[in-house]
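Report on the following structure.
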Amino acid sequence: MATRDGKEKAILLNNNLKILFYSNWIELFIRWLIGITFIYASYHKIVAPAYFAKIIYGYYLFPECIINLIAIILPYLELLSGIALILGIYPRSALLILEAMLFVFIVALSINLIRGYNFDCGCFSSGERGYGYSVLGLLVRDVIYFILGLQSLFYNKHRKWCILQSGSILKTI
Amino acid sequence: MPYKDIAKELIILLGFAVIAAFSVNYFSPNGIALFGQWDTSQGVITAKPKNDPVAESFEIKDANTAKEIYDTGKAVFVDARSYEAFVDGHIENAVSIPANQFFEFIDHFKTKYPFTIPVITYCSGRECNDSHELAQYLIGEGYANVKVFIDGYQRWKRKGYPVEQ
């Protein structure tokens, strides 16, 4: 009897998860949440690319020759992908870009967390421009966004309020 | 898998982003060079923005030279770090002008030190350009003989040179 109750609960939970996973409202919410977050995140980097370049340098992971190029291009990838998500222009590819970026951030932050690095140049610039977060806090935030983004990335039905529908990572609609 | 469709979408999105990025960077007053200076053995790190305060010609690149100037007793050393960092420890007899609070501190400094006095600015080291920013501010105020000790307080302290709290 107890086993049957357990099975019924598991089926119910499974169904509820499916409803959540296939809900176009949830998809819209996640898409807008990630879109708005990345548009906001791009702002500091766009207005102060020199300071952002210093933050990239502070990871001690990237070759010197690409630090400035990352600082120039990455904020616009965030901004345009964020706008594309909100307007619904090729949302799966915009998500693919942002999920790839989140993955790189997660790997970079994890490496520095393991190494015990927390870049502090002892200067005013990095602390005053909105970069004063803990590495662990950033890592947790990025992991949450990454997991949420997977729902939208694999969502293969008609998306709400999209200018250019594109389908999921697995199927074009 | 819809590889072709995704590839097309990615090319469009990435293309727009790259074009926008380089265009804005080129025209923006905050734009940076395509390649920065990120080798501390060469000097202070910088992304080389258009309004870059880092000027190599002002730099004192080794602690021994800075100590020789210090020993003459003719120059004033100015600490560009935060006031809290200054209180924690600084080069002996240095004066604090935090680079981000320059205009709060400069009037008092000007009453004590004439424009002709040699000024040596410093911050924490080669990963910090506050000393360069401070040097530019001081030059703007009329100080004619300003240099930047780029190895900063940490190197000075490691060398066992005089410090105080």
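The values are calculated or read from the model by the stated rules, or taken from the named source; none is laboratory data. None of these values were measured; they are calculated from a predicted model. No Cβ is skipped: glycine too gets one built from the backbone with ideal geometry, and neighbour counts run over all protein chains shown.
Structural remarks
- Odd one out for B:Pro2, checked against (1) over 19 Å from A:Ile72 (Cα atoms); (2) in contact with a strand residue (DSSP E or B) (Cβ under 9 Å, 6 or more places away or on another chain): (2)
- Failed condition for B:Glu9, given (1) among the charged types (D, E, K, R); (2) more than 8 Å from chain A (Cβ to nearest Cβ); (3) out of contact with any Asp or Glu (no Cβ under 8 Å at 6 or more places or on another chain): (2)
- Count of segment A:70-84 residues which are more than 18 Å from A:Phe103 (Cα to Cα) and either more than 8 Å from chain B (Cβ to nearest Cβ) or among the basic types (Lys, Arg) (or both): 1
- Just one of the listed residues (A:Ile86, A:Ile73) is in contact (Cβ under 8 Å) with a residue 12 or more places away in the chain and of a type in the set (Val, Ile, Thr), and it is A:Ile86.
- Checking A:Ser110 against (1) polar (S, T, N, Q); (2) crowded, with 24+ Cβ neighbours inside 10 Å; (3) more than 13 Å from chain B (Cβ to nearest Cβ), the condition it does not meet: (2)
- Residues of segment B:135-144 that turn out to be outside any helix (DSSP H, G or I) and either at pLDDT below 95 or surrounded by 15 or more Cβ atoms within 10 Å (Cβ to Cβ) (or both), as a count: 2
- Looking only at segment A:58-69, and only at residues there that are surrounded by 14 or more Cβ atoms within 10 Å (Cβ to Cβ) and touching a residue at least 40 places away in the same chain (Cβ under 8 Å), the one that is nearest to the other protein chains (Cβ to nearest Cβ): A:Gly58
- For segment B:12-36, a residue qualifies if it is more than 7 Å from chain A (Cβ to nearest Cβ), among the β-branched types (Val, Ile, Thr) and over 30 Å from A:Leu170 (Cα atoms), and exactly one does: B:Val24.
This table checks each residue for (1) within 14 Å of another protein chain (Cβ to nearest Cβ); (2) surrounded by 15 or more Cβ atoms within 10 Å (Cβ to Cβ); (3) touching a strand residue (DSSP E or B) at 6+ places or on another chain (Cβ under 8 Å).
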{"position": "B:Glu104", "(1), (2), (3)": "yes, no, no"}
{"position": "B:Pro118", "(1), (2), (3)": "no, yes, yes"}
{"position": "B:Glu127", "(1), (2), (3)": "yes, yes, no"}
{"position": "B:Glu133", "(1), (2), (3)": "yes, yes, no"}
{"position": "B:Gln154", "(1), (2), (3)": "yes, yes, no"}
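- Residue in segment B:44-62 that is without any contact (Cβ under 8 Å) to a residue 12 or more places away in the chain and at the interface with chain A (Cβ under 7 Å from one of its Cβ atoms) present: no
- Candidate set from segment B:80-102 (those that are touching a Pro at 6+ places or on another chain (Cβ under 8 Å) and surrounded by 17 or more Cβ atoms within 10 Å (Cβ to Cβ)); member that is farthest from the other protein chains (Cβ to nearest Cβ): B:Ile91
- Qualifying residue in segment B:5-24 (condition: under 15 Å from the mean Cα position of the chain (by Cα) and outside the structural domain of B:Cys123 (by TED's automatic domain parsing)): no
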